[in-house]
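> Take this structure first; my questions come after.
Please treat every number below as a calculation from the coordinates, not as lab data. This one's a predicted model, so the numbers in the text were calculated from it and none came from an experiment. Cβ coordinates were reconstructed from backbone atoms using ideal geometry, including for glycine residues, and neighbour counts include every protein chain displayed.
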Amino acid sequence: MIDILIPTYNRSNDLVKNIKHIDRLILNEGFNDKFRVFVSNNASSDDTSLLLEGVKSVITIELIIYEQKTNIGLEKNALFLLEKSTSEFLMYIGDDDYLPDGYLTYVVSKIKSDANATLIIPGITANYGNGYRVTAREENFLEVRYMKGYRAIYKTSYLGHQLSGVAQKRSLLLKKYNKNKALQNIYLFIYFSAFNASRGNVYYAPRYKMLVTEYNSREWTYDDSGLLMEIFKNYKILFPHSLMRRFWLYYYIMYKQPFRIMHDKSVKNTIKSFRHLIEQNDLEASFKYLLPFIYPYVALIGVIRIVKRRFN
């Protein structure tokens with residue numbers, strides 16, 4: 001059994017459409033007995049509660065609904081669902097993100113064929129509305145396997161920032177994440193990916209592309225450094241006593257996601273991002289010394305990627 005977990009807030013139409021889509025995929029791929037869907041409604045002010053009850057009568061999969069009395073925030077809502085899940089594997093899905101055909105079959109096949117598999121990651125197509133879509137993860141391979149360990153963490157954990165469609169082993173996730181309450185953060189899914197990459201084999205299959213909606217409003221916003229400090233907390237949980245391992249992971253996510261320091265592709269905003277990190281008391285002083293060298297390089301990489309996309 002694999003539990004699909006959907007934290008939701010004020011997206012009733014997207015949510016119902018998504019549940020019906022998941023129901024169709026599960027039936028078409030013959031997995032009605034292998035998946036359940038858990039939804040936690042985070043005190044939505046729209047008609048989410050009403051529509052959720054209505055959709056139960058028109059689908060065949062098991063749908064388990066939880067209603068929060070007050071809005072507890074994205075992180076706590078996600079952790080709430082994790083606590084309710086009892087399956088060996090789970091998969092978070094954003095309420096407005098859609099699984100691709102065939103991906104569930106792929107996930108089940110990897111779990112069956114590899115007893116050491118702990119993490120399976122799809123690709124992404126970003127949906128900006130009006131038919132405009134962009135492949136967000138452009139790779140030169142269809143699938144790759146990483147054996148458990150630091151290299152797997154380094155190569156794949158940053159992909160956990162986009163929670164949707166990541167299938168992962170459930171055991172110990174909640175316990176390990178909760179061991180340092182001061183480091184809990186909105187990007188907890190990066191910790192989940194990193195922890196699972198540390199204990200089992202990882203499959204990254206960009207040929208299966210989640211359709212991720214980019215035009216809907218969110219409960220959170222980016223700060224000047226693109227929430228990098230939130231991301232860094234996850235590596236502090238995982239490697240509390242290894243500065244070098246943390247530093248390489250800090251650098252790598254900046255290298256892979258330069259948009260975090262280049263808001264609106266602006267030099268001014270990039271400088272603001274730099275100052276924001278330098279002023280953070282929780283950021284290791286030794287890493288701050290490296291930032292004057294890292295920032296120009298990462299920004300240049302970001303510009304090169306933008307130019308390449310425009311001319312391709």
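> Please turn the phi angles of the stretch 282-295 into ³J(HN,Hα) values with the Karplus equation 6.51 cos²θ - 1.76 cosθ + 1.60 (θ = phi - 60°), one per residue in order, whole Hz, x for glycine and proline.
7, 8, 4, 4, 5, 6, 4, 5, 7, 4, x, 8, 6, 4
> Something else: Name the GluC sites (Glu not before Pro) in the stretch 83-147 that are in a loop by DSSP and that have at most 10 other C-beta atoms within 10 Å, would you?
Those that pass, being in a loop and sparsely packed, number zero.
> Taking the Cα centre of the stretch 195-303 as origin, work out the dipole magnitude from +1 charges on Lys and Arg Cβ and -1 charges on Asp and Glu Cβ, in debye rounded to 20.
On the way: 15 positive and 9 negative charges, 76 e Å.
So the dipole magnitude of the stretch 195-303 works out to roughly 360 debye.
> Residue separation times 0.36 nm, minus the C-alpha to C-alpha distance between Asp33 and Glu83: what's the value? List each step's numbers first, then the result.
On the way: separation 50, 0.36 × 50 = 18.00 nm, distance 2.14 nm.
Result for the pair: 15.9 nm of gain on full extension.
> If I take R0 = 25 Å and measure r between the Cβ atoms of Phe287 and Glu139 in this structure, what FRET efficiency does the formula 1/(1 + (r/R0)^6) give, to the nearest 0.05?
On the way: r = 28 Å, r/R0 = 1.13.
The computed FRET efficiency comes out at 0.35.
> Net charge around Ser164, counting only other residues with Cβ within less than 13 Å of its Cβ (Lys, Arg = +1; Asp, Glu = -1)? All intermediate terms of the calculation are to be shown ahead of the outcome.
Values: positive: Arg137, Lys209; negative: Asp14, Asp95, Asp96, Asp97, Glu214.
Once all neighbours under 13 Å are counted, the net charge is -3.
> Okay, moving on. Which is farthest toward the positive dipole end of the chain among Tyr92, Ser44, Pro206, measuring Cα position about the Cα centre, with Cβ charges +1 (Lys, Arg) and -1 (Asp, Glu)?
Selected residue: Pro206.
> I would also like to ask the following. Go through (i) 58, 43, 42; (ii) 65, 63, 35; (iii) 60, 43, 38 and flag the label whose value is the computed Cα extents along the principal axes in Å for this structure.
Here the calculated entry is (i).
> Which net charge results when you count Lys and Arg as +1 and Asp and Glu as -1 among the other residues whose beta-carbon is under 15 Å from that of Ala285? Could the numbers behind the result be given before it?
Working: positive: Lys236, Arg246, Lys288; negative: Glu279, Asp282, Glu284.
In short, 0.
> List the trypsin sites (Lys or Arg not before Pro) in the stretch 139-204 that DSSP assigns to loop (not H, G, I, E or B) and whose Cβ has at most 12 other Cβ atoms within 10 Å. Which are they?
Values: sites: Arg145, Lys148, Arg151, Lys155, Lys169, Arg170, Lys175, Lys176, Lys179, Lys181, Arg199; in loops: Lys148, Arg170, Lys179.
Qualifying residues, ordered by number: Lys179.
> Right, next: Take the eigenvalues of the Cα gyration tensor for the stretch 228-311, scale each by 5, and report the square roots as semi-axes in whole Å, largest first. Walk me through the numbers before you get to the answer.
Numbers: eigenvalues 114, 39, 21 Å².
The three semi-axes for the stretch 228-311 are 24, 14, 10 Å.
> While we're on this one: May I ask which residue of Tyr128, Val108, Gly54 lies farthest towards the positive end of the charge dipole of the stretch 2-213, with charges of +1 (Lys, Arg) and -1 (Asp, Glu) on Cβ and the Cα centre as origin?
Val108
> Å³ per residue of the Cα convex hull, for the stretch 113-235?
Details: hull volume 15.2 nm³, N = 123.
Hull volume over Cα atoms, normalised by residue count, gives 124 Å³.
> Shifting gears a bit: Across 5 Å bins from 0, what is the distribution of all Cα-Cα pair distances for the stretch 53-153, in whole percents?
The percentages, shortest bin first, are 2, 7, 14, 18, 19, 18, 13, 6, 2, 0.
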